[in-house]
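Below is one structure, written out as structure tokens; comments come after it.
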Amino acid sequence: MPHDDTCWATHYGQGIPPGSFTASGDVFDDSAMAAATSLSLDPQLPFGTMVKVTNTANNASVTVRINDRGTFTSPVCLDLTDGAFSQLAALDPDPGHIVVTEQVVSGGGTTPPGDPGCATPWSSSAVYVAGDTASDAGHDWQAKWWTTGEDPTTSGPSGVWQDLGPC
């Protein structure tokens with residue numbers, strides 16, 4: 001699904017223990033203008049991507065930063081924090097989901113031409129899922145499956161991390 005098509009947005013946060021981490025390694029903040037991108041999207045929106053989300057029923061919009069991953073399936077494309085969702089629709093009574101459009105406004109995993117840069121530094125406390133990248137010891141690494149706390153430099157060829165080479 002292209003990232004500017006109509007899809008559903010839901011919200012999450014209630015019941016998440018204080019101090020919990022998002023998949024990007026951020027401390028979860030239910031009042032932040034943030035969202036989880038769906039694991040069903042191909043390609044997934046990279047962490048740090050800024051996305052303008054517009055409720056098609058009332059044209060209310062908010063810009064959120066992608067800092068988490070969801071396990072939901074199509075047609076849900078985003079899981080918004082309560083803070084972001086409340087800018088688009090009322091939390092009470094809870095509609096469950098709203099129909100939205102999403103438009104990438106910055107980020108999206110691109111780097112300037114001629115500047116390959118490195119991925120976001122690896123964090124031992126972050127959760128990574130298949131396809132996520134991190135940099136460590138001057139190399140970029142890509143997760144083959146879900147992992148947390150596994151050092152990319154000690155992963156080995158059959159481990160969770162694939163060495164993408166120097167960055």
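The values are calculated or read from the model by the stated rules, or taken from the named source; none is laboratory data. All values reported here derive from a predicted model rather than from experimental measurement. Positions of Cβ are generated from backbone atoms using ideal geometry, with glycine treated the same way; all protein chains shown enter the neighbour counts.
Restricting segment 137-159 to residues that are in a strand (DSSP E or B) and either surrounded by fewer than 17 Cβ atoms within 10 Å (Cβ to Cβ) or charged (D, E, K, R) (or both), the residue that is nearest to the chain's Cα centre (by Cα) is Thr148.
Considering every residue within segment 92-103, establish whether at least one is assigned by TED's automatic domain parsing to the domain that holds Ser31, closer than 13 Å to Ala9 by Cβ, in contact with a Ser or Thr (Cβ under 8 Å, 6 or more places away or on another chain) and of a type in the set (Ser, Thr, Tyr). Taking every residue of segment 92-103 in turn, at least one turns out to be assigned by TED's automatic domain parsing to the domain that holds Ser31, closer than 13 Å to Ala9 by Cβ, in contact with a Ser or Thr (Cβ under 8 Å, 6 or more places away or on another chain) and of a type in the set (Ser, Thr, Tyr). Residue check: is Asp92 of a type in the set (Asp, Glu) and not in a strand (DSSP E or B)? So Asp92 fits the description; yes. Do we find a residue being at pLDDT 80 or above, touching a helix residue (DSSP H, G or I) at 6+ places or on another chain (Cβ under 6 Å), more than 21 Å from Ala32 (Cα to Cα) and not in a loop (DSSP other than H, G, I, E, B) anywhere in segment 116-136? Yes, some residue in segment 116-136 is at pLDDT 80 or above, touching a helix residue (DSSP H, G or I) at 6+ places or on another chain (Cβ under 6 Å), more than 21 Å from Ala32 (Cα to Cα) and not in a loop (DSSP other than H, G, I, E, B). Within segment 74-105, being under 24 Å from Pro17 (Cα atoms) and hydroxyl-bearing (Ser, Thr, Tyr) holds for Thr81, Ser86. Evaluate segment 39-52: report whether one residue or more is at pLDDT 90 or above and outside any loop (DSSP other than H, G, I, E, B). There is at least one residue in segment 39-52 that is at pLDDT 90 or above and outside any loop (DSSP other than H, G, I, E, B).
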